[in-house]
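What follows draws every value from the coordinates through simple rules; no lab data is involved. What you are looking at is a predicted structure, and each value in this text was computed from that prediction instead of being measured. Cβ coordinates were reconstructed from backbone atoms using ideal geometry, including for glycine residues, and neighbour counts include every protein chain displayed.
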Amino acid sequence: MNTDLVATAWTSAGDTSPMLFPATSPVPVTERLHAIAEAGYIGFGLIADDLVVVRDSIGFAALGDLAAEKGLSHIEIELLERWWIPRDRRGHTYETRDLLFEAADVLNPAFIKIGSENGSATTDLMALVPPLRKLADDAAGLGTRIAIETMPFSRLATVPMGAELVAAADHPGVGLLVDAWHVFRAGTSLPELDTALQDGMVFGVELDDASPAVVGSLFEDTVERRLLCGEGSFDLTGLIEVLRDKGFDGPWGVEILSRSFRELPVGRALRLAADSASGIL
């Protein structure tokens, strides 16, 4: 039974937040990778803002060499939104797409994580299928895959919606990134999750926890008030059981975002996150 852990992007980012633009980590990437390895993780994630800094400083090849030196074999990069908008249309995200693909060409990540767009849930999933297949084809050309992360405040609001889109795309390079917070805060029950998921559909998982009640908006709650695994109300043991039954058995991402967590020294934060997730697994 695999209990290997991945420090997803925000877990090692230090004092920054998805509410900031840019959300670049104040911690140099060399220090981050050292702390991640020291805390016992086997991989890490980086957001696009951090990849810009890497590209313009040490370069992606040097980052890959450093990861290998530290024994970090699993890499995830993120986050691409509004990926269905053509390059010649207003609101497109091709600058981010090109950056992620440039990084993927060198770093060989397990997957590129994509979201959708904040707002009401879409009523036309099928319109997203052709651009998703094209995105996956392009990623496959670089030897990587696309993992869709659903979020309850976005157009792809629930994991069952994401699973329906993955099934419709019917592409070996398209799967799901299942975040515990987005499962439970969307009100998805474990039986509903079990029914929605097909074997092998889950490419990645992010473990975290939260209090029973949402404080503020869903977006504020997710970036300011997540808890370490086992400190909140989520049935993480049940979630892990469902995911393992569907063929996913790690490595397991840990994604903790909160005001108090990001004020901690990065090394200590990473160790606390790892210990909490290991206890659940």
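Magnitude of the charge dipole for the chain, about its Cα centre and with charges confined to Cβ atoms of Lys, Arg (+1) and Asp, Glu (-1), is about 360 debye. Of the residues 2, 158, 54, the one whose Cα sits farthest towards the positive end of the charge dipole of the chain is 54 (charges of +1 on Lys and Arg Cβ, -1 on Asp and Glu Cβ, taken about the Cα centre).
Please report the net charge: other residues with Cβ closer than 12 Å to the Cβ of residue 108, K and R +1, D and E -1. Around residue 108, the surrounding residues sum to -1.
As a rough footprinting exposure proxy, the listed residues 21, 219 were ranked by other beta carbons within 10 Å of their own, and the order from fewest upward is 21, 219. Counted by Cβ distance under 10 Å from residue 46, the other residues give a net charge of -3, where Lys and Arg count +1 and Asp and Glu count -1. List the relative contact order of segment 5-280 as a percent without decimals, with contacts defined as Cα pairs under 8 Å and 6+ residues apart. Relative contact order comes out at 20 percent. Spin-label pair residue 66-residue 190: with each label point 7 Å from Cα along the Cα-Cβ axis, the two points sit 4.0 nm from one another. Using Cβ point charges alone (K and R +1, D and E -1), the dipole size of segment 175-244 about the Cα centre works out to roughly 40 debye. If you take all other residues with their beta carbon under 15 Å from the beta carbon of residue 62, and give Lys and Arg +1 and Asp and Glu -1, the sum is -4.
The coefficient of translational diffusion for segment 143-213, derived via Stokes-Einstein from the alpha carbon Kirkwood radius under 37 °C and 0.692 mPa s, stands at 267 µm²/s. Each part reduced to its alpha carbon centroid, segment 66-137 and segment 202-281 end up 23 Å apart. Spacing of the modelled spin labels on residue 249 and residue 118, each 7 Å from Cα toward Cβ, amounts to 4.0 nm.
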